[in-house]
Amino acid sequence: MMNNEKKPLLQITNLSTYFFSFGGKRIVKALDRVSFEVYEAEKIAIIGESGCGKSTLCFSILQVLPPGAKVVGGKVIFEGENLLEKNQKEMNKIRGKKIAMILQDSMVSLDPVFTIGEQIGETIRHHTSIKSVHIQEKIIQLLLSFRISEPMKRAKQYPHELSGGMRQRVVGAIALSCQPRILIADEPTTNLDVTIQLQYLNLLKEIQKNTGLTLLFITHNLGIVAELCERVIVMYAGKIVEKSPVIDLFDTPFHPYTKALLNSSFELGDLSKKAPIKGEPPDLANLPTGCNFHPRCIFKDKKCQMEDPPEIQLSQNRWVKCWKPLIDMK
Amino acid sequence: MNQIQFRSNPVIDILKKIPKGPALILIILITSSIFADFLPLHNPEIGNPRKRLLPPFWEERGTIEYPLGTDTMGRDILSRLVYGARVSLIVAFGAVIIASIIGTVAGVISGFFGGWIDQIIMRFTDAWLSIPMVMFGMLMATIVGPGVFNIIIIMSLVFWTRYARVIRSETLSLKTRDFVQLAFIAGCSKLWIMRKHILPNVMNSVITLASLQIGIAIVVEASLTFLGVGVPSPKPAWGLMLSEGRGGLTAGYWWLVVFPGGTIALLVMSFNIIGDWLRLYLDPHYRNIE
Amino acid sequence: MKRYIIHRLFLSIIVVWIVSILIFIATRIGPDPAYIIAQPGADESELSSIRQRFGLDKTLALQYFIFISRAIRGDFGESSYYGLPVSKIVWNHLLASLVLIISAKIISLSIGIVAGIISARRKGDWLDNIIKWFSLAGLSMPNFWIAMLLILIFSVKLKMLPTSGYGNFSNLILPAFSLGWYFSAGYTRITYSSLLQVLNSEYIKFVRIKGLPEIIVIGKHGLKNALIPIITLAGMNLVVMISGAVAVETVFAWPGLGLLIYNGAVNRDFNIVQAVVLFISVMMVMINLLIDILYAYIDPRIRYQ
């Protein structure tokens with residue numbers, strides 16, 4: 001539930017990130033005027049197809065974009081300050097400490113030549129002033145809270161000695177080692193078995209309940225969204241197209257893309273009515289005129305092809321960017 | 001009329017893309033060494049003692065008759081360079097070809113069969129790789145004496161190990177590929193699989209490795225000859241030109257040393273550039289990790 | 001880790017054994033060694049007394065056994081040229097070669113790694129080109145020719161450095177550079193590709209996201225991972241460098257094992273030549289063992305094979 005008396009913990013306004021290549025001749029608009037807010041202790045999902053800009057969004061917030069990518073506009077307000085105006089040294093105090101992130105493939109997120117304990121320890125050492133004698137305890141504590149058995153033995157082991165699921169939990173432990181306020185998780189369960197996925201999600205749920213952590217979950221797996229999150233942000237081709245609480249979204253999606261996405265997903269609904277979305281995502285360097293989605297939209301009309309759709313705040317909690325939102329459909 | 005689409009002729013494709021400069025140098029050097037007898041060159045082995053130690057033609061005492069000068073025995077440098085190319089190329093190609101045959105066979109067998117055979121071959125490879133090539137060459141020369149044939153054999157004995165290692169790991173990864181597995185299941189004989197499936201697929205690596213090895217072989221032959229254990233005098237060989245010319249350095253007879261060495265460098269450089277190009281041409285996914 | 005070390009040690013011993021067999025066989029491949037040792041024109045009785053003296057009349061297997069048991073005790077016979085025990089002579093020349101090889105290694109590693117880092121940064125294309133040509137030149141020019149050119153330039157023309165000798169830094173620099181140039185090319189290439197691979201890896205991304213400063217990202221995580229292939233190459237290069245040292249030492253009259261074996265070959269001092277080859281080869285096997293252990297120390301994935 002959106003709390004509009006409180007101030008948002010993270011407020012993103014008109015964030016735009018472009019990728020420049022071939023000497024600036026090719027510009028990929030990975031993010032185009034993206035705006036949303038995150039409130040304390042919320043569990044938000046960002047969904048969309050591959051390439052829609054979900055990961056770029058997180059890298060832009062944390063300022064860890066690859067070379068060739070630049071934030072060209074907008075604001076990212078966190079704890080009253082604009083993160084985009086900070087230099088790398090200042091951002092280093094925020095990354096890992098205030099805002100933590102888990103990358104997609106946990107199998108390769110850990111440095112193969114250092115022990116687990118060392119990789120957790122260095123984060124704690126850098127961000128806090130906890131003395132080395134106590135860091136060992138802290139590491140054990142962390143590993144236990146992530147349900148890793150025999151933590152003392154594990155801390156001395158190397159990543160390749162652990163199973164995939166365990167590595168995933170270690171990565172989570174590292175991320176939460178300094179008690180960040182926000183955790184961004186970029187498709188953290190994609191490479192795991194389904195049973196392990198479930199375990200991990202429950203673990204995150206519990207930790208979130210105990211600590212009041214704010215979760216930003218990036219995924220294209222709608223089952224996880226339903227299981228874990230309260231609010232959903234739908235992205236397409238670098239833009240946000242719909243924002244809504246989870247239940248409302250699944251019940252009555254307003255944006256044609258959202259509806260198509262739900263229809264093509266295997267996790268929800270009647271399998272006999274499944275249909276993949278026709279067509280392919282657009283080339284972000286050569287976007288169509290008007291609405292980005294119109295080439296694949298079955299509801300499109302003239303306006304959709306010509307003009308950028310308006311942003312409509314439909315109720316306290318629901319927002320959509322579309323010329324023909326599916327408001328009266330059931 | 002039916003339009004039949006022909007795939008681009010690989011030979012023409014190569015001709016179009018090969019680095020022109022080095023290729024030209026190679027062609028000139030190789031053909032002139034093969035046809036040296038037909039070129040208007042002085043005798044490379046017998047010199048004119050009255051015309052000894054003449055500098056190249058652009059210097060004061062030089063003449064166009066001996067364009068690059070003469071050595072301590074009055075022999076024309078240019079003709080010795082051209083005839084010397086013969087020896088170097090024969091030795092280099094000979095050694096590389098023999099080494100690649102032995103090495104490929106060993107590598108394929110080793111990778112294919114695994115187990116004891118693999119271990120034994122690998123230990124042999126380890127042993128050979130621990131023996132410094134030049135020193136071994138000197139040992140052999142003390143025993144069997146110098147000579148073109150001898151150093152081809154000696155060099156092959158040491159070079160084959162480079163191939164064996166690389167081909168073995170290629171074979172290992174090929175073994176796991178589907179088409180090989182299917183052949184096993186279909187009951188094809190091991191020899192057949194090695195011949196028809198493994199061998200053609202490692203050929204690219206062999207060719208690439210061989211083209212880079214030629215440069216190394218030329219330098220090694222020059223080193224062995226320079227040290228007196230390679231091609232024996234009075235045959236024209238670059239290594240000999242360098243060892244004979246060495247004494248003249250302090251006296252200022254620079255052309256005795258600069259031209260032979262420079263030719264070696266030019267030849268090897270050309271082979272290296274072509275070899276690098278060949279590597280990329282044959283396998284665009286090749287990664288520069290040795 | 002212990003198991004790994006023991007396993008490797010065992011393999012090394014086998015390799016040393018094979019090396020000794022190879023060298024021994026090599027020495028018996030040619031004509032009757034008696035001819036080599038004897039003066040030309042010796043008659044049959046001289047030859048047979050030589051055979052007796054040097055144990056050449058015994059069976060091959062027995063000869064090998066004698067050869068090995070003596071070698072293990074450090075007895076390589078006597079030098080026919082110097083008349084002294086070979087082991088002593090070899091020992092005297094060892095230091096000079098060590099100095100040369102280590103210096104050449106330092107030069108080639110420094111140039112190579114720095115050049116590789118520069119290439120990976122890709123800040124200036126002209127610099128990149130220079131590096132490429134420098135590498136190509138090093139790979140293409142025989143090291144003894146480089147040596148002679150350097151002598152021509154620095155000793156004859158500029159009179160800045162001595163042409164030969166041993167003892168000073170100024171004596172060392174030309175030989176070490178001549179020897180090392182060739183290898184800097186390989187190090188450049190491996191540093192470049194290794195760095196690129198490491199810096200683009202997911203785990204480096206993750207370390208950055210953890211908020212650690214760039215120095216730790218590159219200096220701690222990047223370096224350790226990137227170093228692995230470099231060390232492997234350094235090990236493989238050692239044997240080649242020793243081969244190259246023979247010619248370089250000869251040009252500069254550097255009193256190391258290379259010069260020793262060269263003189264040995266010239267003087268047909270068989271024992272010296274054989275001893276140097278055997279000694280160096282065995283040392284190579286042992287050094288490779290040490291490098292393998294070092295490698296496993298740095299990269300824990302290797303320990304579990």
Counting only DSSP beta bridges with both partners in the protein assembly as shown, the antiparallel fraction in percent, to the nearest 5, comes to 65 percent
Give me the extension gain from A:S149 to A:E40: residue separation times 0.36 nm, minus the current Cα-Cα distance, reported in nm with one decimal. 36.1 nm
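Calculate the mean, over all residues of peptide A:101-110, of how many other protein chain Cβ atoms lie within 10 angstrom of the residue's Cβ.
4
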Step through the residues of region A:283-288 one at a time and calculate ³J(HN,Hα) from phi using the Karplus curve (6.51 cos²θ - 1.76 cosθ + 1.60, θ = phi - 60°), rounding each to whole Hz and writing x for Gly and Pro. 6, 5, 9, 9, 6, x
Among B:S169, B:A251, B:S156, pick out the residue whose Cα is farthest towards the positive end of the charge dipole of region B:87-290, where Lys and Arg carry +1 and Asp and Glu carry -1 on C-beta, about the Cα centre. B:S169
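Using DSSP, restrict attention to beta bridges with both residues in region A:163-263 and report what percent are antiparallel, rounded to the nearest 5. Spell out each step's value before the answer.
Numbers: 6 of 11 bridges.
Around 55 percent antiparallel, to the nearest 5.
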To the nearest 20 debye, what is the magnitude of the charge dipole of chain A about its Cα centre, counting +1 on the Cβ of each Lys and Arg and -1 on the Cβ of each Asp and Glu? 440 debye
Considering the dipole of the protein assembly as shown built from charges on the beta carbon (Lys and Arg +1, Asp and Glu -1) around the Cα centre, which of A:P67, C:M284, C:L100 is farthest to its positive end? A:P67
Name the shape class, rounded, prolate or oblate, that the alpha-carbon gyration tensor gives for chain C, where a ≥ b ≥ c are the square roots of its eigenvalues, rounded holds for a/c under 1.5, and otherwise prolate holds if a/b is larger than b/c and oblate otherwise. oblate
Quick one: helix C:223-252 against the long Cα principal axis of chain C, what's the angle to the nearest 10°, folded into 0 to 90? 40 degrees
Specify the residue with the greatest mean-square fluctuation among A:L215, A:L176, A:L110, computed from a Gaussian network of chain A linking alpha-carbon atoms under 10 Å apart. A:L110
For chain A, modelled as a Gaussian network with Cα springs under 10 Å, which listed residue fluctuates most, A:H126, A:H294, A:H134? A:H134
Distant-in-sequence amide H partners of A:A69 (H built 1.01 Å from N, under 5 Å): A:F20
From the cross-link list A:K25/A:K300; A:K93/A:K131; A:K70/C:K210; B:K51/B:K235; A:K93/A:K138; B:K20/B:K196, the entries with a Cα-Cα span beyond 26 Å are A:K25/A:K300; B:K20/B:K196
Quick check: the angle from helix C:60-72's long axis to the longest principal axis of chain C, C-alpha only, nearest 10 degrees? 60 degrees
Taking chain C and counting helices only, DSSP H stretches of n ≥ 4 at -39,500 (n - 2.57) each over all residues, the nearest-500 ellipticity at 222 nm comes to -25000 deg cm²/dmol
When a footprinting reagent is the concern and you count Cβ atoms within 10 Å, what order do C:Y4, A:Y18 take, fewest first? C:Y4, A:Y18
For helix C:270-298, report the angle its Cα long axis makes with the longest principal axis of the Cα atoms of chain C; keep it between 0 and 90° and round to the nearest 10°. 30 degrees
Pairwise FRET efficiency - B:I101 versus C:Q52, Cβ, R0 = 41 Å, nearest 0.05: 0.45
Karplus-derived HN-Hα couplings along region B:268-279 (A = 6.51, B = -1.76, C = 1.60, θ = phi - 60°), whole Hz, x at Gly and Pro: 5, 4, 4, 4, 5, 5, 5, x, 4, 4, 4, 4
Where nothing but the Cβ of Lys and Arg (+1) and of Asp and Glu (-1) is charged, how large is the charge dipole of the protein assembly as shown around its Cα centre, in debye to the nearest 20? 1300 debye
The long-range amide H neighbours of A:G96, using H built 1.01 Å from N in the peptide plane and a cut-off of under 5 Å, are A:M101
For a quick size check, give me the Cα extents of chain A along its three principal axes, largest first, whole Å. 68, 47, 44
For region C:80-95, just list the computed ³J(HN,Hα) in residue order, Karplus coefficients 6.51, -1.76 and 1.60, θ = phi - 60°, integers in Hz, with x standing in for Gly and Pro. 6, 8, 8, x, 10, x, 4, 4, 5, 5, 4, 4, 5, 8, 5, 4
So how strong a dipole does chain C carry about its Cα centre when Lys and Arg Cβ are +1 and Asp and Glu Cβ are -1, to the nearest 20 debye? 1400 debye
Please work out the C-alpha center-to-center distance from region C:100-118 to region A:207-239 and express it in whole Å. 51 Å
Per DSSP helix of 4 or more residues, -39500 (n - 2.57); summed, then divided by the residues of chain A. What does that give at 222 nm, rounded to the nearest 500? -9000 deg cm²/dmol
If unit charges are put on Cβ atoms (+1 for Lys and Arg, -1 for Asp and Glu) and the dipole of the protein assembly as shown is taken about its Cα centre, the option from C:N171, A:V113, B:I101 lying farthest towards the positive end turns out to be A:V113
Which net charge results for the neighbourhood of B:V82, defined as the other residues with beta-carbon distances under 15 angstrom from its beta-carbon, given Lys and Arg at +1 and Asp and Glu at -1? 0
Given H placed 1.01 Å from N in the peptide plane, which residues other than close sequence neighbours of A:I46 have an amide H under 5 Å from its amide H? A:F217, A:I218, A:T219, A:I233
Among C:V198, C:V246, C:V207: highest mean-square fluctuation, GNM of chain C, C-alpha pairs under 10 Å: C:V207
With 10 angstrom as the radius, rank B:T104, B:T63 by how many other C-beta atoms surround their C-beta, starting from the fewest. B:T63, B:T104
At 0.692 mPa s and 37 °C, Stokes D of the protein assembly as shown from Kirkwood alpha-carbon radius, µm² per second: 100 µm²/s
For C:F169, B:F271, C:F206, what's the fewest-to-most ordering of other Cβ within 10 Å of each Cβ? C:F169, B:F271, C:F206
Rounded to two decimals, what ratio of Rg to Rh does chain B give with C-alpha atoms and a Kirkwood Rh? 1.07
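Where a number appears in this text, it was derived from the coordinates with a stated rule and is not lab data. Nothing here was measured: the structure is a model prediction, and the numbers come from that model. Because the Cβ atoms are built from the backbone with ideal geometry, glycine has one as well, and the counts that use them run over all protein chains shown.
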